[in-house]
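The values are calculated or read from the model by the stated rules, or taken from the named source; none is laboratory data. These numbers come from a predicted model, not from an experiment. Here the Cβ positions follow ideal geometry from the backbone for every residue, glycine too, while neighbour counts run over all protein chains shown.
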Amino acid sequence: MARSPVAGSSVQHERVARTTRAVNSALMTLLAVATITGVIAFALGTAPAATVVVAVHGASGLGLLLLVPAKVGIARRGLRRPGRLRKVISLALAGIVALALAAGLLHAVAGFVPVAGLLPMQAHVGAAVLAGVLLAVHVARYRRWPWLRTTDVDRRLALRGAAVIAGAAALDALVAGRPRRFTGSHEVGSGDPLAMPVTQWLADPVLRIDPAGWRLGLPGGALDLAALAAQPQTVVRSVLDCTGGWYAEQEWRGVRVADLGLPRSASLNVISATGYHRRLPASDAATLLLATHVAGRPLSAAHGGPARLVAPGRRGFWWVKWVIAVEATDEPWWWQPPLPLQ
Ligand SMILES: Nc1nc2c(c(=O)[nH]1)N[C@H]1C(S)=C(S)[C@@H](COP(=O)(O)O)O[C@H]1N2
Ligand SMILES: [Mo]
């Protein structure tokens, strides 16, 4: 029996609805995976796990690219429906996701290339945060987000999903670009502190502290620079790996935090003259260095002189510059925002 035109168009309609659910759910999943792995990659400073996280992060971003043709069809239909604000939000979301992807790709392929004072990684993270906000607004118009239903899944869809995952992984391997550290960072200025970038987390200025007036506040009293220099000196080679996407290995010299005579405590709060601070486990004291020198010369103001923290194995944001005090505290080290807020 021939199908009536009405039944035919409803079959067609259901097929479109199913594809829409599948593509939107895939996009949503990829965005969630990209966000989670992006945050983890920022927090990790330790080897093998980071490699996987960075690879999955890259592949999830590139998977978004592979789904662009499918999403364009869906978006065309969506844009034909009324609602001006909705259109503006949809297009802004598309633009900002494109910017995040482009900046992420630029970071991976071209490396450490500041554009108008902005690092690709800063543009990438800024765009990603904004995209998250716009996506929430974009989704808020649904009473229930139309997730893929179990009944939608057939062999064809499963094969397509597998193809997207395989394609994204292959693209990620292609895009690997210049050799990078397991965190995804590019090498800049190793062994040459003058060539090493100067970075602050968010808004800190570079402080110029007069070494003669500098004091280090400790639970047992204050040390001046001469008193610090009189302590046993330790030299460590360690990699400063900034979440901005660069790293440098240097030879740092200073006093081990374990040699500062601190009382037993759960955590150490390392405080900068700017107010910036990070709390670290007291059990790290043996590997933490309060550095006054790099590559055999006193630290420059830009790199945190007279004294900065060297935190081997941790991302750059732990390496507090312009340290003026170390507090021994009872709070657990994780009793702080996971990433600095200043
Ligand atoms: N006081 C202070 N210390 C800081 C920061 C900051 O913003 N304020 N930024 C951190 C970050 S994010 C990094 S990557 C390193 C950069 O060190 P550098 O400028 O010597 O390369 O300093 C860390 N120490
Ligand atoms: Mo950083």
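Is it true that Ala98 is at pLDDT 90 or above and surrounded by fewer than 18 Cβ atoms within 10 Å (Cβ to Cβ)? Here the answer is yes, as Ala98 does meet what is asked.
With respect to being buried (at least 20 other Cβ atoms within 10 Å of the Cβ) and either in the same structural domain as Leu202 (by TED's automatic domain parsing) or more than 23 Å from Ser185 (Cα to Cα) (or both), Leu225 falls outside the description.
Just one residue in the set Ala229, Ala173, Ala203 is aliphatic (A, V, I, L, M) and touching a helix residue (DSSP H, G or I) at 6+ places or on another chain (Cβ under 9 Å); that residue is Ala173. With respect to being of a type in the set (A, V, I, L, M, F, W, C), closer than 14 Å to Leu30 by Cα and in contact with a Ser or Thr (Cβ under 6 Å, 6 or more places away or on another chain), Val97 falls outside the description. The residue list Pro263, Pro232, Pro281 contains one member that is exposed (fewer than 15 other Cβ atoms within 10 Å of the Cβ) and under 26 Å from the mean Cα position of the chain (by Cα), which is Pro281.
Selection of the stretch 178-193 for residues being exposed (fewer than 15 other Cβ atoms within 10 Å of the Cβ) and modelled with pLDDT of 95 or more yields Gly191, Asp192. Of all residues assigned to the stretch 275-290, at least one qualifies as being within 16 Å of ligand 2 (Cβ to nearest atom), closer than 25 Å to Thr183 by Cβ and part of a loop (DSSP other than H, G, I, E, B). Can you find a residue that is closer than 30 Å to Val16 by Cβ, hydrophobic (A, V, I, L, M, F, W, C) and free of Cβ contacts under 8 Å to residues at least 24 places away in the same chain anywhere in the stretch 107-128? No, because not a single residue in the stretch 107-128 is closer than 30 Å to Val16 by Cβ, hydrophobic (A, V, I, L, M, F, W, C) and free of Cβ contacts under 8 Å to residues at least 24 places away in the same chain. Highlighted here are the strands (runs of 3 or more DSSP E) found entirely within the stretch 191-252 that include at least 3 residues which are more than 19 Å from Gly117 (Cβ to Cβ) and either in contact with a Phe, Trp or Tyr (Cβ under 6 Å, 6 or more places away or on another chain) or within 11 Å of ligand 1 (Cβ to nearest atom) (or both): 234-242.
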